[in-house]
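Taking it in order: structure first as structure tokens, then the write-up.
The values are calculated or read from the model by the stated rules, or taken from the named source; none is laboratory data. Every value quoted in this text rests on a predicted model; they were computed, and no experiment measured them. Cβ atoms come from the backbone with ideal geometry, glycine included; neighbour counts cover every protein chain shown. In case anyone asks, the SASA skips ligands and DNA or RNA and just uses the protein heavy atoms, side chains included. Shrake-Rupley method; radii C 1.70, N 1.55, O 1.52, S 1.80 Å.
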Amino acid sequence: DMLNGVNLAMEEINKDGLQVKGKTVRLEVVAVDDRADAKTGVEVAKQLVDAGVVAVIGHLNSGVSIAAAPVYAEKGIAQLAISTNPKYTELGLPTTFRLVANDRLQAKAIGSYSAAQFPATRYATVDDSTPYGKDLAAGAAVELKKAKKEVVVQQSFDEKNVKFDEFAKKLQDEK
């Protein structure tokens, strides 16, 4: 999805004839696969730097963005990422730009919105077993507790889980 969005944006920008310092420039997309792995992310960051890119839109995963950010910063290459882990911008690098709210803000919004919008006093948090999901669920639980709500069930599932009968029973038992 991210690559498709970047390609579409580049097509539109090129069609409109982007000018830099009075000269028309044509943008090109150089796509690489970091395999959602920090070590591979550093390797592909070096490849992109060697290829002469002027900006990077990525990486998708926070851990990869955090690992690759110093590679781009060393060469003054802007990195625009949807990485939500606060550590990404806490690196303090002048070339890192976050395009979405960080985990702390997202978790605060989830928890405070739920506490304010629903009359329930007993809650469950459920996550997808990823660092991102776990951090959001934990942060939302903190906000719920601040609002005097009780988090009675905390559960993680991975993408392979398809059986929720026990979980449904647990929710029912905890009301």
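Assorted remarks:
- Residues of region 63-101 that are surrounded by 14 or more Cβ atoms within 10 Å (Cβ to Cβ) and of a type in the set (Val, Ile, Thr): 64, 66, 71, 77, 82, 84, 89, 95, 96.
- The residues in region 156-165 that are out of contact with any helix residue (DSSP H, G or I) (no Cβ under 9 Å at 6 or more places or on another chain) and under 13 Å from residue 124 (Cβ atoms) can be counted, and the count is 1.
- Residue match in region 7-27 (condition: surrounded by 14 or more Cβ atoms within 10 Å (Cβ to Cβ) and out of contact with any Leu (no Cβ under 8 Å at 6 or more places or on another chain)): no
- Close pairs (8 angstrom Cβ cut-off, 6 or more residues apart or separate chains): farther than 18 Å from residue 61 by Cβ in region 2-17, not hydrophobic (A, V, I, L, M, F, W, C) anywhere: 10/28; 14/26; 17/24
- Subset of region 109-125 [surrounded by fewer than 18 Cβ atoms within 10 Å (Cβ to Cβ), over 25 Å from residue 79 (Cβ atoms) and without any contact (Cβ under 8 Å) to a residue 40 or more places away in the chain]: 112, 113, 114, 116, 117, 118, 119, 120, 121
- Cβ-Cβ contacts under 7 Å between residues 6 or more apart (or on different chains), taken from a first residue in region 35-55 that is under 15 Å from residue 75 (Cβ atoms) to a second residue that is of a type outside the set (A, V, I, L, M) and not in a helix (DSSP H, G or I), are listed as 44/34; 49/75.
- Per-region count, region 39-62, residues open to solvent by 40 Å² or more (accessible area, probe 1.4 Å) and either among the β-branched types (Val, Ile, Thr) or at pLDDT 95 or above (or both): 10
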